[in-house]
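Visitor: This structure is in structure tokens; I'll ask about it shortly.
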Amino acid sequence: MAAPSAAGLGRRLRAWLPRIMPVRWSRYNPSYLEPEAKKESYQKPLEELTEEEREHMELKAVRPIKAAPPSLSSSVFSDPMISKFTNMMMKSGNKVLARSLMSQTLEAIKRKQLEKYHKAPENEKETIECNPYVIFHQALKNCQPIIGLSNITKGGKTYQVPIPLTDNRKRFLAMKWLIAECRENKHRRTLMPEKLSQELLLAFNNEGPVIKKKHVLHKMAEANRAYAHFRWW
Amino acid sequence: MAAPAYPAWVTRWVSGQWRNKKRPPTLRPTRTLALADRVANRREQSTEATCITEMSVMMACWKQNDFNDTPCAEEIRMFYDCVAKAEKERKKQNEDTVLSRGNLPSSKVNKLLKRFPQITRYV
């Protein structure tokens, strides 16, 4: 597989160069490569690499690399879902506050579960889940709707038609429902970590208002299943 | 005898000009007689809704089990598989620009025509 001709590529790239050279923007020249954050990929010895990885390494020697965004982390503790949830909780760009709230939430979950663990009799101790990350992921998965409704206009009238949702949309809806539930339907003076930990634990056990909201959506989709033929995709 | 000099109207009358030729034009085009650079929007009556059977099976299971997800895991998995397959089909079909149906979709035709417009005047 021959590399593209250097002269043609150079001409095309020069034609693309804007007057201001972006350094940390999201619009880059197509020749820029993505940064690699995982430490394991750099610790592999040269012999173990496959053909594509060897070519990729040679390419990285000649091409420039995009600036790493601040959300990209090589730490073992970073979790993309938790980052996404923190971003959704953030207000007016106050990432520090959102991150501290998130860590307090996880700590609150751990404390509650440990309390339950120590009070439980011996035979039930294995069933209690203490890892807050596992609880967070399972709760989000339980909150995700499977089928959604969309407005489709036909013959002048709008109908609510059941449609399949993409993974991104499901995750977004689950997170949004959780956060909205905590912000709106709780007592004014409860703090966010407390409310959130309570909601996450309820969702982990398939109870609580968010799961109920998901069931309501499913019931409406089931009631409107006759309109499913209005979809054209 | 020399050629008789008739008045002009006599020659014109004899030639039949008044009968055939001097008529107002039958065609008065309001727009220029040239092809436009776009075609009309044609609604493609192409695809129907996909995965209806899987969805109805899943909903029947929901009705029996009071909308719990754990007993219906198999039906939900089948529904997801069907949706993923339909999505892939749609992506693949979009690239072929529906040549099997005989005609290109009107949006693609418009894009092509815009690249090669009709020349209406020479500078």
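Visitor: When region A:191-216 is examined, which residues are found to be farther than 30 Å from A:Ser103 by Cβ and buried (at least 19 other Cβ atoms within 10 Å of the Cβ)?
Guide: Matches in region A:191-216: none.
Visitor: Can you work out which of the residues in region B:64-79 that are at the interface with chain A (Cβ under 8 Å from one of its Cβ atoms) and modelled with pLDDT of 90 or more is surrounded by the most Cβ atoms within 10 Å (Cβ to Cβ)?
Guide: Restricting to residues being at the interface with chain A (Cβ under 8 Å from one of its Cβ atoms) and modelled with pLDDT of 90 or more, the top hit is B:Phe79.
Visitor: Let me ask something else. Quick test for you: out of A:Lys141, A:Lys170, A:Lys195, A:Lys154, pick the one residue that is away from chain B (no Cβ under 14 Å) and not hydrophobic (A, V, I, L, M, F, W, C).
Guide: Sole residue among the options that is away from chain B (no Cβ under 14 Å) and not hydrophobic (A, V, I, L, M, F, W, C): A:Lys195.
Visitor: Sticking with this structure for a sec: Would you point out which residue out of B:Thr32, B:Thr97, B:Thr53 is modelled with pLDDT under 85, surrounded by fewer than 13 Cβ atoms within 10 Å (Cβ to Cβ) and more than 10 Å from chain A (Cβ to nearest Cβ)?
Guide: On inspection, the qualifying residue turns out to be B:Thr32.
Visitor: Can I ask one more? Note down all Cβ pairs under 9 Å where the first residue falls in region A:205-224 and is facing chain B (nearest Cβ under 10 Å) and over 18 Å from A:Ala180 (Cα atoms), the second is open to solvent by 30 Å² or more (accessible area, probe 1.4 Å) and aromatic (Phe, Trp, Tyr), and they're at least six residues apart or on different chains.
Guide: No pair meets every condition.
Visitor: Looking only at region A:43-101, which residues are open to solvent by 80 Å² or more (accessible area, probe 1.4 Å), in a helix (DSSP H, G or I) and modelled with pLDDT under 90?
Guide: Residues satisfying the conditions are A:Gln43, A:Leu46, A:Glu47, A:Glu48, A:Glu51, A:Glu52, A:Arg54, A:Glu55, A:His56, A:Met57, A:Glu58.
Visitor: So which residues in region A:157-167 are loosely packed, with under 15 Cβ neighbours inside 10 Å and either away from every other protein chain (no Cβ under 13 Å) or touching a Phe, Trp or Tyr at 6+ places or on another chain (Cβ under 6 Å) (or both), if there are any at all?
Guide: Correct list: A:Lys157, A:Thr158.
Visitor: Shifting gears a bit: For region A:69-101, how many residues meet the condition of being among the small types (Gly, Ala, Ser), touching a helix residue (DSSP H, G or I) at 6+ places or on another chain (Cβ under 7 Å) and within 22 Å of A:Asp167 (Cβ to Cβ)?
Guide: 1
Visitor: Only helices (runs of 4 or more DSSP H) wholly contained in region A:102-208 count here; list those with 2 or more residues that are among the acidic types (Asp, Glu).
Guide: A:167-184, A:192-204
The values are calculated or read from the model by the stated rules, or taken from the named source; none is laboratory data. None of the values given here were measured: they were computed from a predicted structure. Positions of Cβ are generated from backbone atoms using ideal geometry, with glycine treated the same way; all protein chains shown enter the neighbour counts. Areas reflect the complete protein model, heavy atoms only, side chains present, ligands, DNA and RNA absent. Shrake-Rupley method; radii C 1.70, N 1.55, O 1.52, S 1.80 Å.
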